[in-house]
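Reviewing the structure listed below.
Nothing in this text is a laboratory measurement; each read-out follows from the coordinates by a stated rule. Here the structure is a predicted model, which is why all the values come from computation and not from measurement. As a convention, Cβ positions derive from the backbone with ideal geometry for all residues, glycine included, and neighbour counts pool all protein chains shown.
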Amino acid sequence: MWKARTEDKPVTVPTPAAGSPAPGASVSAAPAPRPAPTPRAGENFRGEMAHIGKSVLIKGELSGSEDLYLDGEVEGNVDLKQHCLTIGPHGRVRANLRAREIVVHGKVDGNISGEKVELKKSAILMGDISTQRIVIEEGAYFKGAIDIQKEPRGDNKREIAVASTPGSALDFSEPAMPLLEKKI
Amino acid sequence: MAESLMRFFRKENESASTQGPLTALSAERIARHSTGFEAFSAHIAGSEGLTVLDLGPTSPRNIQYLTSLGHKLYNVDVLAGAADPTLSVPAEGGGSTLDVERFLAENVNFRGRKFDAVLCWDVADYLQEILVRPLVERIHGALNPGGVLLGFFHTRDAGPDAPYYRYHITSASELELQPARKRRLQRVFNNRHIENLFGEYRSLKFFLARDFLREVLVVR
């Protein structure tokens with residue numbers, strides 16, 4: 001009565017793995033069906049954007065009209081206007097960066113300007129940030145100025161996210177008493 | 001007296017500083033009321049668009065808090081800058097000293113920026129002796145008249161093993177203390193030392209808390 005009926009079981013359709021023969025191709029032995037590898041978000045993201053590898057060194061002006069993942073070394077300026085720029089963990093940039101969204105995992109020595117800026121925990125930024133929204137992970141190193149721009153179209157709502165671990169609330173202090181006020 | 005205290009702390013910490021790797025950032029945080037910061041907040045709460053200088057390590061919470069009030073922020077971790085081993089240069093009489101000019105140029109070169117408020121935290125207690133006064137003078141030059149500086153100073157009772165904390169702002173009067181990498185407490189300032197250190201400033205206001213910290217609000 002309580003036995004599960006075989007027809008109730010979900011049916012899985014094997015997905016051809018990457019590199020497997022196309023349907024209809026002649027094969028002598030069918031490969032065992034494998035679940036399709038789920039692409040990680042980062043890989044998928046990187047797959048849709050231009051990619052500069054960690055062995056590449058660029059000196060000069062770098063501009064474009066597509067998203068860019070930069071894991072190499074750049075000296076000069078980077079301007080992607082309305083696109084996203086990601087500085088990978090191996091990225092070493094001595095340049096001013098301008099893009100709609102900028103994510104920093106690596107090291108940047110220069111000013112950053114964009115609608116949204118994210119400093120990941122491995123980020124080292126020495127320069128000024130001008131943005132409407134900023135996300136800084138605990139562990140990121142930052143030396144410079146931050147200027148939060150008001151969003152256009154009268155929307156003054158700012159997004160400033162904090163990625164940190166809430167700690168214990170051991171309040172061992174009591175309100176301090178003013179001791180003396182010294183006028184010099 | 002102060003020199004003997006400094007010597008005592010240095011000796012006590014020589015062994016501690018050589019033990020194992022530096023402690024990494026801890027997830028543990030201690031909530032703490034701060035009357036000094038409350039007074040500091042009152043100064044910066046009134047108007048939008050002030051420029052605040054934070055001399056502590058990068059704190060997302062501090063950035064969040066200060067920019068949400070509509071202020072601009074300049075952040076530089078001066079203790080991290082002072083720990084740069086390449087700052088060490090041979091001294092005239094032998095031994096080594098620090099290149100003060102290079103420290104100032106690389107860490108507190110504000111390129112003409114002026115500030116309305118400075119969060120100094122307890123930097124002066126942990127900074128090398130030779131750098132303290134030049135730093136305070138540099139800040140004096142960069143602080144607008146009427147600007148405020150908040151500094152924390154350990155009392156003698158804190159002891160040589162006083163842990164080094166990072167300070168995170170949680171509200172206009174509350175801070176969170178996060179234990180961070182081991183740093184050597186360089187000295188204990190008494191009230192007279194603090195008054196001398198900030199002699200060029202207009203006024204000082206002291207607050208004493210139970211955790212062996214004096215909070216000092218200095219007005220330029």
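Brief remarks follow.
- FRET E, pair B:Glu101, A:Glu48, Förster distance 56 Å, beta-carbon r, rounded to 0.05: 0.70
- When only Cα pairs below 8 angstrom with a gap of at least 6 residues are kept, the stretch A:41-141 shows a relative contact order of 17 percent.
- Selection of trypsin sites (Lys or Arg not before Pro), the stretch B:70-120, meeting DSSP coil and at most 10 other Cβ within 10 Å: B:Arg111
- Shape of the stretch A:41-141, Cα gyration tensor, a/c cut at 1.5: rounded
- Under 5 Å, built H, 5+ apart or other chain: amide partners of B:His71: B:Gly49
- Highest average packing first - A:90-99, A:71-80, B:89-98, Cβ atoms within 10 Å: A:90-99, A:71-80, B:89-98
- Top positive-direction residue, dipole computed over the stretch B:148-220 with Cβ charges, set B:Leu217, B:Phe198, B:Ile169: B:Phe198
- Over 28 Å apart at the Cα level, from the set A:Lys54/B:Lys72; A:Lys143/B:Lys114; A:Lys120/B:Lys182, are A:Lys54/B:Lys72.
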